[in-house]
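Data block below; observations after.
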Amino acid sequence: MVQMPVLQLDNVVKKYGEREVLKGLNLTVNRGECVALLGPNGAGKSTTVSLSLGLSAASGGQVQLLGLDMATQGHLARAQVGVVPQYDSLDPDFTVIENLQVYGRYFSLRGAMLRERAIELLGFAGLSDRQDDAVSALSGGMRRRLMLARSLVNGPKMLFLDEPTTGLDPTAKHGMWDGLLALKRQGMAILLTTHDMDEAERLADRVAVLNGGQVVALDTPRALIDAHVGTQVLEVWGTAAGTYLHERLGVPLAELERRGEMLFLRNDVASRALERIRVERPAEVECLFRPGNLEDVFFRLTGRALDMQLNDGSEG
Ligand SMILES: Nc1ncnc2c1ncn2[C@@H]1O[C@H](COP(=O)(O)OP(=O)(O)O)[C@@H](O)[C@H]1O
Ligand SMILES: [Mg+2]
């Protein structure tokens, strides 16, 4: 039996006026799978979420959620999924538990059953002792956990999380991750957008990189790292070190990827440079040899490094 994806976007186009934000985007999320959508600010991550939910109409292509065509049956699919939007949308006029109850009524949940469900979800979110507090009394991390609890009120088959941990401190972030990992273990399908590479690596079975209006890579974190970065990376600090690598060791400028003050070399180039650095011990070179990671993949695929070569006019 061929497994039907929970979410499937085929060749999806989205235009705002003349501007084409999505230019033929393909993406699937399978049952029990967490897919993380990465991409620079403005890449179209939130737009993809909103199109997946049928909250905004595609200008072309097809969106299917739970086997339903979102152009015509969006309301049926939306009733069966949960959403944590990018921006806080809790109701400040209601208490913590009332926020869940009010939301539950949109899904025709009522009375004692709704209250029981809300209490159970507050337990899951670690907010049981805050049940009757005003939402305004909650910390940022608690508000996010409440949004997560709220998204679960209708017993969803899939969750959409748009930057669920942006702006949270490390403890709060880990709190969210624990909740999401627990949901994953229960087989929840999840589409998550994030700028946090750790988050993507910890939570996602597959990572999609969005750039130029398309998914430019979609695979497991490991496979993406192997395909686009390789096993070893050498990080080097400062312009003087760059000059040493290029002029003394003959590392081609194209092999020196620059991100701000830091330079990155990969694979064979990295290990050859490291051998020479170990022998010559140049005073100007401070470096770190480490495994390739998802952030390296992000920089390579979103082209952020390409317009920042070492010789930005100042050298050979
Ligand atoms: N309602 C809208 N009207 C016009 N342009 C929009 C609208 N929503 C988003 N955009 C534009 O679409 C692009 C993608 O936005 P968005 O999906 O929010 O990106 P991301 O979530 O990846 O940061 C941005 O350039 C944004 O300005
Ligand atoms: Mg966004």
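Among the lysines, which fall within straight-line cross-link reach of Lys23, defined as a Cα-Cα distance under 20 Å, with same-chain neighbours fewer than 8 residues apart omitted?
Lys14, Lys15, Lys45
Which is the longest stretch in the chain that no exposed loop site breaks, taking sites as chymotrypsin sites (Phe, Trp or Tyr not before Pro) with a DSSP loop state and at most 16 other Cβ atoms within 10 Å?
108-316
Express the relative contact order of the chain as a whole percentage, based on alpha carbon pairs under 8 Å and six or more residues apart in sequence.
Relative CO of the chain lands at 19 percent.
What is the calculated FRET efficiency for Ala112 to Asn11, with r their C-beta to C-beta distance and R₀ = 51 Å, to the nearest 0.05?
0.60
Counting only trypsin sites (Lys or Arg not before Pro) that sit in a DSSP loop (anything but H, G, I, E, B) with at most 13 other Cβ atoms within 10 Å, what is the longest stretch of the chain containing none of them?
Formally, the longest exposed-site-free interval is 111-316.
Can you give the calculated 222 nm mean residue ellipticity of the chain, where each DSSP H run of n ≥ 4 adds -39,500 (n - 2.57) and the sum is split over every residue, rounded to the nearest 500 deg cm²/dmol?
-10500 deg cm²/dmol
Given the convex hull of the Cα atoms of segment 173-316, what is a quarter of its surface area in nm²?
Spelled out: convex hull of the Cα atoms, projected over all directions, averaged, 10.1 nm².
Order by neighbour count: Ile119, Ile97, fewest other Cβ atoms within 10 Å first, most last.
Ile119, Ile97
Taking amide H positions as placed 1.01 Å from N in the peptide plane, with prolines and chain starts having none, which residues 5 or more places from Leu159, or on another chain, fall under 5 Å of its amide H?
Gly82, Ala189, Ile190, Leu191
Using every Cα-Cα pair within the chain, state what percent have a distance larger than 31 Å.
For the chain, the fraction of Cα-Cα distances above 31 Å is 42 percent.
Compute the Rg/Rh shape ratio of segment 231-291: radius of gyration over Kirkwood radius, all on alpha-carbon atoms.
0.90
With +1 on each Lys and Arg Cβ and -1 on each Asp and Glu Cβ, how big is the dipole of the chain about its Cα centre, in debye rounded to the nearest 20?
Approximately 900 debye in magnitude.
Hey, which aspartates and glutamates would be in cross-link range of Lys157, C-alpha to C-alpha under 13 Å, not counting anything within fewer than 8 residues on its own chain?
Partners found: Glu33.
With no solvent and one point on each alpha carbon, what is the Debye value of log10 I(q)/I(0) for segment 111-218 at q = 0.19 Å⁻¹?
At q = 0.19 Å⁻¹ the computed log10 ratios are -1.01.
Taking R0 as 22 Å, what's the FRET efficiency between Glu280 and Glu235 from their Cβ-Cβ distance, rounded to 0.05?
Computed FRET efficiency for Glu280 and Glu235: 0.75.
A short reminder: the numbers here are calculations on the coordinates, not readings from a lab. Keep in mind that this is a model prediction, so the values were computed, not measured. No Cβ is skipped: glycine too gets one built from the backbone with ideal geometry, and neighbour counts run over all protein chains shown.
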